[in-house]
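The values are calculated or read from the model by the stated rules, or taken from the named source; none is laboratory data. From a predicted model like this one, the values you see are computed outputs, not experimental measurements. Counting neighbours? That spans all protein chains shown, and the Cβs are built from the backbone with ideal geometry, glycine included. Accessible surface areas use protein heavy atoms only, side chains included; no ligands, DNA or RNA. Shrake-Rupley method; radii C 1.70, N 1.55, O 1.52, S 1.80 Å.
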Amino acid sequence: MGTAVIFESLTGNTEAMAKAIYEGAVETAGKDSVTITKAADITVDEAAEYDLLILGSPAMGTEVLEEETFEPFFSALENKLSGKRIALFGSYDWGDGQWMRDWEDRCRAAGAVLFRDQGFIVQNTPDEKALEACKKFGMDAVRG
């Protein structure tokens, strides 16, 4: 069914990344093949219908996924990830990216096929260079 960029953002950093990733994915796959939405605006069953899920969340608190919306969404999605192509991204403020490594491990344990075997992270607000890297990440993820 195409590609879905599904994200949550609190400060706008992860949303800026999502929009750039979406642009790159659209450039490669075409507008009709790519959707962008916040996690609160899509059901788990709808998300599971996509061939490729590009999932984005900021790190929170003790380096965990955003807790109010994204963590419950992802927890419900986990049992539908076996064999599913997944690309992960997000932003963080402090720490060393442990939240992303934990998220990658959860995806692997669920049987997902991780793009590049690791997520794409940006510390704080993405600058122009980071946004260009996000766009390329979207292009490359769609290509597989």
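So, in region 89-118, of the ones that are part of a loop (DSSP other than H, G, I, E, B) and at pLDDT below 95, which residue ends up least open to solvent (accessible area, probe 1.4 Å)? Give the steps one after another, and end with the answer.
Initial filter on region 89-118 (part of a loop (DSSP other than H, G, I, E, B)): 93-97, 110-112, 118.
From what is left, the residues that are at pLDDT below 95 are 93-97, 118.
Values: 93: 95, 94: 143, 95: 41, 96: 100, 97: 2, 118: 111 Å².
Checking each candidate, the answer is 97.
Of the numbered conditions (1) among the charged types (D, E, K, R); (2) within 17 Å of residue 111 (Cα to Cα); (3) open to solvent by less than 50 Å² (accessible area, probe 1.4 Å), residue 85 satisfies every one except a single condition; which is it?
Looking at each condition in turn, residue 85 falls short on (3).
Could you give every pair whose Cβ atoms fall below 9 Å, whose first residue belongs to region 124-138 and is on the phi > 0 side of the Ramachandran plot, and whose second residue is open to solvent by less than 20 Å² (accessible area, probe 1.4 Å) and outside any helix (DSSP H, G or I), counting only separations of at least 6 or pairs across chains?
124/91
Among 62, 125, 37, which is the only one that is assigned to a strand (DSSP E or B) and surrounded by fewer than 18 Cβ atoms within 10 Å (Cβ to Cβ)? Give the steps one after another, and end with the answer.
Working: 62 fails: assigned to a strand (DSSP E or B); 125 fails: assigned to a strand (DSSP E or B).
Matching residue, one of 62, 125, 37: 37.
Between a residue in region 10-35 that is under 17 Å from residue 55 (Cβ atoms) and of a type in the set (Val, Ile, Thr) and any residue that is open to solvent by 30 Å² or more (accessible area, probe 1.4 Å) and modelled with pLDDT of 95 or more, which pairs come within a Cβ distance under 6 Å, given they are 6 or more apart or on different chains?
34/26
I'm told residue 143 meets every condition in (1) open to solvent by 70 Å² or more (accessible area, probe 1.4 Å); (2) without any contact (Cβ under 8 Å) to a residue 60 or more places away in the chain; (3) not aliphatic (A, V, I, L, M) except one. Can you identify the failing condition by its number?
(2)
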